[in-house]
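Notes to accompany the following structure.
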Amino acid sequence: MLILASASQSRKKLLENCKIEFLQISSNFDESVIKDDNITNLALELSFQKAKNLSENIHNITLPSEFNYSSMQILGCDSIFEFKGEAYGKPLNKKEAFSRWKKMSGEFGVLHTGHTLLLGIFDSASKMFRIVQTNKKTVSSRVYFSKLEDWEIKRYIDTLEPLNCAGGFALEGQGGKFIEKIDGCFSNVMGLSLPWLRENLLEEGIIA
């Protein structure tokens, strides 16, 4: 059974569209405790800590009885947008979102998503998860933005969508119309590289 250790609706939608059976359970990991100046390393470490946190607390969660959990995989992801060497998480407010979009207009940045897949065995008696293998990778995609007028930026920010997204934009949402092109994995920009996940699940014989 694959468990997505994230509350992200975009990641949930990606898995649903691919008909991959999974459960979504947020890890509730405190991201503020992890610091690293290297953005790719930071995204990877955050993804690992989210998955690890859930694996260590799985005994406190009531799982649906209809699934077989003997073989369990826990997927942790974390996305960070890099613009000219600076890490952009979710904007704190509309003012910050507007300032960022003014800089990003007509430019490009890189969306880094750290992926961690914990492969292991779940003991239903003790409700403990034993990690057998850990697969990790940061997947990076370059995102090119259209040249925008101030009124377009303001109208987009007023939807509040940018305040809930790493980098201040959502490819799958209203922000998609401001993205000229993407170099690299498309789904990665939405928070989960489906090709990476498929490759790892195939190697373990989890999907055919």
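Remarks
- Every listed requirement among (1) in contact with a helix residue (DSSP H, G or I) (Cβ under 9 Å, 6 or more places away or on another chain); (2) in contact (Cβ under 8 Å) with a residue 40 or more places away in the chain is met by Val110 save one, (2).
Quick grid of which residues meet (1) among the polar types (S, T, N, Q); (2) more than 15 Å from Ser99 (Cα to Cα); (3) in contact with a helix residue (DSSP H, G or I) (Cβ under 8 Å, 6 or more places away or on another chain); (4) loosely packed, with under 15 Cβ neighbours inside 10 Å:
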residue: Asp123; (1), (2), (3), (4): no, yes, no, yes
residue: Lys127; (1), (2), (3), (4): no, yes, yes, yes
residue: Ile131; (1), (2), (3), (4): no, yes, yes, no
residue: Val139; (1), (2), (3), (4): no, yes, yes, no
residue: Trp151; (1), (2), (3), (4): no, no, no, yes
residue: Arg155; (1), (2), (3), (4): no, no, no, yes
residue: Thr159; (1), (2), (3), (4): yes, yes, yes, yes
residue: Pro162; (1), (2), (3), (4): no, no, yes, no
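- Hits in the stretch 1-54 (condition: among the hydroxyl-bearing types (Ser, Thr, Tyr) and either open to solvent by 60 Å² or more (accessible area, probe 1.4 Å) or at pLDDT below 95 (or both)): Ser6, Ser8, Ser10, Ser26, Ser27, Ser32
- Entry remark, the stretch 128-168: residues being under 15 Å from the mean Cα position of the chain (by Cα) and of a type in the set (S, T, N, Q) number 4 in total.
- As for the stretch 173-183, it holds at least one residue that is open to solvent by 30 Å² or more (accessible area, probe 1.4 Å) and assigned to a helix (DSSP H, G or I).
- Condition broken by Lys95, with the remaining ones in (1) open to solvent by 30 Å² or more (accessible area, probe 1.4 Å); (2) more than 23 Å from the chain's Cα centre (by Cα); (3) under 22 Å from Leu197 (Cβ atoms) satisfied: (3)
- Residue in the stretch 191-200 that is farther than 19 Å from Ser6 by Cα, touching a residue at least 40 places away in the same chain (Cβ under 8 Å) and in contact with a helix residue (DSSP H, G or I) (Cβ under 8 Å, 6 or more places away or on another chain) present: no
- Residues considered: Leu111, Leu118. Of these, the only one that is of a type in the set (A, V, I, L, M, F, W, C), part of a strand (DSSP E or B), within 27 Å of Thr159 (Cα to Cα) and in contact with a Ser or Thr (Cβ under 9 Å, 6 or more places away or on another chain) is Leu111.
- All positions within the stretch 56-92 that are open to solvent by 90 Å² or more (accessible area, probe 1.4 Å) and not in a loop (DSSP other than H, G, I, E, B): Glu56, Asn60, Glu86
The values are calculated or read from the model by the stated rules, or taken from the named source; none is laboratory data. Because the structure is a prediction, the values reported are computed rather than measured. Don't worry about glycine lacking a Cβ; one is built from the backbone with ideal geometry, like all the others, and counts go over all protein chains shown. In case anyone asks, the SASA skips ligands and DNA or RNA and just uses the protein heavy atoms, side chains included. Shrake-Rupley method; radii C 1.70, N 1.55, O 1.52, S 1.80 Å.
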